[in-house]
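Encoded as structure tokens, the structure appears first; notes follow it.
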Amino acid sequence: MSDDHTHVQEFFTARAADWDSRFPDDGPAYAAAVADLGLREGDRVLDAGCGTGRALPPLRAAVGPSGVVLGADLTPAMLQAAVQAGRHRSGRLLLADVAALPLRSGCLDAVFAAGLIAHLPHPAENLRELARAVRRGGVLGLFHPIGRAALAARQGRRITPDDLRAEANLRPLLARSGWRMTSYVDEDARFLALAVRED
């Protein structure tokens, strides 16, 4: 396992048990972001870096009983927290690295990723791997329940010009990775960038 993976696992393992209690009011923001994906009954969707699985219930509601919902995360403790919260009933949990998904090419209609991009060791390659698993015309949603400025203030830091989530940085990054950005919202109460699988 690379040092990047070890760092991410250590970070989230230490926080898994009380993750949901630290952010108890995020549910409606997750549901609204999932609604913006435009999923249909029967779609196949991955929650990439699913953590405790907060997106899984709204994803299941969006695709219905005939759809497929997968939640992939690198950290066993986060997946255990998802099970303890009962969210495994909304989708299949996979202990997997989003940089090397155990999925066929083009098998998904959409990927939802909450808070993921800040933890990707190789963003262009990793977003390209997500694109590989999604059919042409499929959708990617990069989400965070608060915007960049609010998150920076919460963490006691400043936004820097090289922030990957800045529109000027994210749009070309997505384009290099097989995605075309179609929507970008960065407000105090939400961050959501939507993109379509191009090639």
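The values are calculated or read from the model by the stated rules, or taken from the named source; none is laboratory data. Bear in mind the structure is a predicted one, so any value in this text is a computation, not a measurement. Cβ sites come from the backbone with ideal geometry, for glycine too, and all protein chains shown count toward neighbours. Surface areas here come from the heavy atoms of the whole protein model, side chains and all, with no ligands, DNA or RNA. Shrake-Rupley method; radii C 1.70, N 1.55, O 1.52, S 1.80 Å.
Here are the numbers for this structure:
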read-out: Scan of the stretch 159-199 for residues that are part of a loop (DSSP other than H, G, I, E, B), of a type outside the set (Ser, Thr, Tyr), over 19 Å from Arg136 (Cβ atoms) and out of contact with any helix residue (DSSP H, G or I) (no Cβ under 6 Å at 6 or more places or on another chain), ordered by number; value: Pro161, Asp162, Asp163, Ala166, Ala189
read-out: Verdict on Asp47 being among the acidic types (Asp, Glu), crowded, with 24+ Cβ neighbours inside 10 Å and touching a strand residue (DSSP E or B) at 6+ places or on another chain (Cβ under 8 Å); value: yes
read-out: Inter-residue pairs, beta-carbon under 8 Å, first among the basic types (Lys, Arg) and in the stretch 174-192, second open to solvent by less than 10 Å² (accessible area, probe 1.4 Å) and not in a strand (DSSP E or B), 6+ apart; value: Arg180/Leu174; Arg190/Ala33; Arg190/Gly147
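Results for (1) open to solvent by 20 Å² or more (accessible area, probe 1.4 Å); (2) modelled with pLDDT of 95 or more, shown as yes or no for each residue.
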site: Arg60; (1), (2): yes, yes
site: Gly64; (1), (2): no, yes
site: Val68; (1), (2): yes, yes
site: Met78; (1), (2): no, no
site: Arg89; (1), (2): yes, yes
site: Arg92; (1), (2): yes, yes
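Quick grid of which residues meet (1) over 22 Å from Gly38 (Cα atoms); (2) among the polar types (S, T, N, Q); (3) in contact with a His (Cβ under 6 Å, 6 or more places away or on another chain):
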position	(1), (2), (3)
Gly86	yes, no, no
Arg92	no, no, no
Pro102	yes, no, no
Ala110	no, no, no
Gly115	no, no, yes
Leu130	no, no, no
Ala133	no, no, no
